[in-house]
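A quick write-up on the structure given underneath.
The values are calculated or read from the model by the stated rules, or taken from the named source; none is laboratory data. What you see is a predicted model; the values in this text were computed from it and never measured. For neighbour counting, all protein chains shown are included, and Cβ atoms are generated from backbone atoms with ideal geometry for every residue, glycine included. We work out accessible area using only protein heavy atoms, side chains counted, and drop any ligands, DNA or RNA first. Shrake-Rupley method; radii C 1.70, N 1.55, O 1.52, S 1.80 Å.
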Amino acid sequence: MYPQIEINLPKLRHNVKKLVNLCKENSIDTIFGVTKVLAGDLKAIEVLVESGITHLADSRVENLKNMKEFNLPKVLLRLPMKNEVEEVIKY
């Protein structure tokens, strides 16, 4: 059996909203949700988006590709390999 992480979505929602509000109180309008640890879990990413995150960031092109339903700017957290460049531009 592989190791698993259980994501408590209500707690995630609470914490993200708290951070977003702190950012707004301090005039920070651009808030990146780094989804690397979420391994592309769309339910958890949806919580980030609904809670006020303005940008999504991940280190895997495949995860960014799977996030296409979320209409937010996306960022690759590393330099792409040459064979990934077209996909990075597309997604």
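Quick rundown of the values:
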quantity	calculated
Residue list for the stretch 70-90, filter: open to solvent by 70 Å² or more (accessible area, probe 1.4 Å) and farther than 19 Å from Val37 by Cα	Asn71, Met81, Lys82, Asn83, Glu86, Ile89, Lys90
Yes/no for Ser59 being open to solvent by less than 100 Å² (accessible area, probe 1.4 Å), in contact with a strand residue (DSSP E or B) (Cβ under 8 Å, 6 or more places away or on another chain) and of a type outside the set (Val, Ile, Thr)	yes
Residues of the stretch 64-83 satisfying the condition of being within 9 Å of the chain's Cα centre (by Cα) and over 16 Å from Thr30 (Cα atoms)	Leu64, Met67
Any hit, the stretch 30-53, residues being of a type in the set (Phe, Trp, Tyr) and either open to solvent by 80 Å² or more (accessible area, probe 1.4 Å) or in contact (Cβ under 8 Å) with a residue 60 or more places away in the chain (or both)	yes
Of all residues in the stretch 1-23 being exposed (fewer than 13 other Cβ atoms within 10 Å of the Cβ) and within 30 Å of Leu79 (Cα to Cα), the one that is farthest from the chain's Cα centre (by Cα)	Tyr2
